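Some notes on the structure that comes next.
The values are calculated or read from the model by the stated rules, or taken from the named source; none is laboratory data. No experiment lies behind these values; they were computed from the predicted model shown. Here the Cβ positions follow ideal geometry from the backbone for every residue, glycine too, while neighbour counts run over all protein chains shown. Remember, those area values only see protein heavy atoms, side chains included, never the ligands or the DNA or RNA. Shrake-Rupley method; radii C 1.70, N 1.55, O 1.52, S 1.80 Å.
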Amino acid sequence: MAGGGGSQHDMQKQLLLNLISEVKARLQGKVDGVTFPIPQFIVVGKQSVGKSRLIESLAGEPFNFVSGTLGSRRPTVLEFRNVPGLHPSRWSVFDEERKMWNSYPVSDVMQMVGRAHEELGKSVSEAPIRVKVEGADTVDLGLVDLPGFRAYAADPSMQDLANKIELLVWKFMKDENNVMLCVEEAGDAAGFATLGKCKQVDPTYRRTILVRNKLDKYYNDLDAEHINKWLEGYGDLPPDLRRFAISLPHWTGDVAPLPFHQMREQCAETDLRTLESKGMSGKYTSTIGIENFRLFMEDKTQQLFAEALSPMLTRLTGLQADFSDRVKLIQQEREITNEDNILHATRQAGICFAQSFNFLMEGALSAKEENLKSMDDELKAFHEHIKKNNIMKESEALATQFPDVESYITYLRETVKLPGMDTKLNGGAQFKRLMYEVEVFTRFAGLEQKFQRKDVIQARGTGLSEVTWHSVIVELMRHNAPTKMTEKTKYVGERIKWFFMEQKDYVLEFMLAIKNSPEEHLYSSRLYNQAKVIERNDAMKRCIYNTFDATCRRHREAFMQMWTDWMYSMFTSPLKLVKANSMPRIDPSYETEIAPTFASTKKRIQEERTKRDSVQAQINEEINHIPTDDRSAEDALPMIQKIIEKTFSRIRCAVSDQMELYSKSFFLLPMLRRLEGDMARLELGEQDKMQYRARSEALLSEEKKNSSVLTDLNWCVDAIQKFRITCNDSSR
């Protein structure tokens, strides 16, 4: 009889098996099975190799699950428990809704299992049906009976079913927590197709046990010369593969001639007696017969489950903490989505978002590497953005020297050698690189206009002698130069606005990455907590993002207006802005320089003032050479064109040199300073309120679901800890 006589060891073994079974039943489908270390045995093999009779032998009695003509199509989880003196066996089915075992007559259980398969039609399901068998002849064991591999399909629909079954079985076989009982018909090991499948997912056979069934059919093929070679597999079976050769009870007719457990014992005795008579080596004795296999399975089960107890408790404790935090977060979000709190809560989350944007622009690292952008990626994405939304003309987004964005990128990389060109960045570092790029872009601003004689006459007035050439040049530049510079400024403003709008996801990533990071102590815990709420609540996220975008657009308009005003005021007196560089060149004599004296300082100041005015003096000299005679108007035109272009290029360079200063002063700093206030004044539309109400209802359902999982996790952790204390578990 299996299981002994109720010793303390057997009681602990059954308690352990019951504990694992209950944990599996409670958590099946609720946690990730791949990372959840609960071992289990799965029975795999082709149809008609004797899988069902093997399972019956472990159960201690014959039975037949009514699965129709299509066979089984879902896993059947079988929990076998040895209960000395219990006749007949007690059969139970697990109620997934009430989380409890319900006992039924064996015939009813057969029908329930059959219906669970039949309701699938020509489909399959991973959702198992759970059956428990308790009896005096039952092995203490838990296993999963999987549908058999189909070797033949009568039509395309059956072939489709066979393919689905194979995918289902493969998924179970690939799970590292599953120990495979590979059932093959005894014979030539070279033809074991299912064992070949097991090798694909378990190359070292660490979790594979080979069961060669129907041994009695091959008695006559074995003799003294070949018996031990056959047991070794003729070299086709690896030496470290655990293997058994067994015969199982079979009979003709509907009624067995003897009680099933007696027939099982007779098969085991016959196997041993027959193989020993044919010269089997004694070292193979423990691998022959169903009784030896049953004893091995009981010991293996206890070993696997005992070893899994500690990692399982560790994993459960981690899941318990995760789901506890999840439930708290859901409850917090439910409180936020209350009608009376949503506006205040959204504003507070927006303020935290604005503060985090400041941290990001100060240089805090946040985004995952795959979300960062190189300058190549950034420019292509920007040009795609303006093209898709029809924001700018192509001529405004590219200088005339470049036919497309690729050539512009090549110029930045190979000619300009833009710092950080291929480095993936975000936040403040990306903005710094952006400043280099827009400075280069601004330097390509040009008048792109050839003045005509009529333009000069109109600027001078009705007669050539009424005004000076100096005033004519100023008038011509005042009407044309600001427009050309503003065209480039439009690109700069749009680039900066787009850059800021692209940072929203990076800001949220930064907030989420604060917890458990080395910099966690530098920031308020509210940033992470609010980020979790924003991440989960699409309505809140959309409101905050929309407010952020609106702020970007408003500051872009203010930036453009201030820039335009500044350009027009600058070109009111353009010739006064032309200054030369007074910085002295550093040459080898610099090493011998001594500290300046008062006299040398006065001299240096005079020299620098003279140098700064040298360009303006040169231009004035060129203006003085323009002929004033009316008959020389045609000769004056190219001279005026040259002076205007030279003046414009000088001013353009000066503007480009200060582009970073203007962008920070007119765009970045106002944006950083006012964003938090905009978030504090955020308003919700009626549609936003409706979405919050829908979210509140979804949260209620989510809270119930997660609270149910947390309740099961609490029960599992308490039960395992209690078992380890009461049974003095050695795996602690």
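See the values below:
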read-out	value
DSSP-defined antiparallel bridges as percent of all bridges, the chain, nearest 5	35 percent
Residue-averaged [θ]222 nm for the chain, counting only DSSP H segments that reach four residues, each worth -39500 (n - 2.57)	-18500 deg cm²/dmol
Accessible area of the chain belonging to carbon and sulfur atoms, whole % at 1.4 Å probe	51 percent
Rounded, prolate or oblate (a/c below 1.5 giving rounded, otherwise prolate when a/b exceeds b/c) for region 350-411 by Cα gyration tensor	prolate
Loop-resident sites, region 46-154, for trypsin sites (Lys or Arg not before Pro), counting at most 14 other Cβ within 10 Å (DSSP)	ARG98, LYS99, LYS122
Rg in Å to one decimal, and Dmax rounded to a whole Å, for region 498-545 via C-alpha atoms	11.3, 32
Distance violations [Cα-Cα > 27 Å] among LYS30/LYS532; LYS13/LYS217; LYS380/LYS497; LYS380/LYS417; LYS197/LYS300; LYS380/LYS504	LYS13/LYS217
Heavy-atom accessible area order for ILE20, ILE391, largest first, 1.4 Å probe	ILE391, ILE20
Axial C-alpha extent at least 24 Å, average Kyte-Doolittle at least -1.0 - helices from the chain (DSSP)	8-27, 156-174, 290-336, 342-361, 469-502, 538-570, 633-657, 686-726
Within the chain, longest stretch free of exposed chymotrypsin sites (Phe, Trp or Tyr not before Pro) [DSSP loop, at most 13 other beta carbons within 10 Å]	252-732
Å² per residue, accessible surface of region 119-167 at 1.4 Å	39 Å²
Largest-first principal axis extents of the Cα set of region 40-114 (Å)	33, 30, 26
Given charges at beta-carbon only (K, R positive; D, E negative), |dipole| of the chain in Debye	1720 debye
Which of ASN341, TRP230, GLN691, positive extreme of dipole for the chain (C-beta unit charges)	ASN341
Two-decimal Rg to Rh for region 103-222 - Kirkwood Rh, Cα set	0.99
Per-selection Kirkwood Rh - the chain (Cα, Å, 1 d.p.)	34.1 Å
Rg to Rh quotient for region 305-443, alpha carbon positions, Kirkwood Rh	1.21
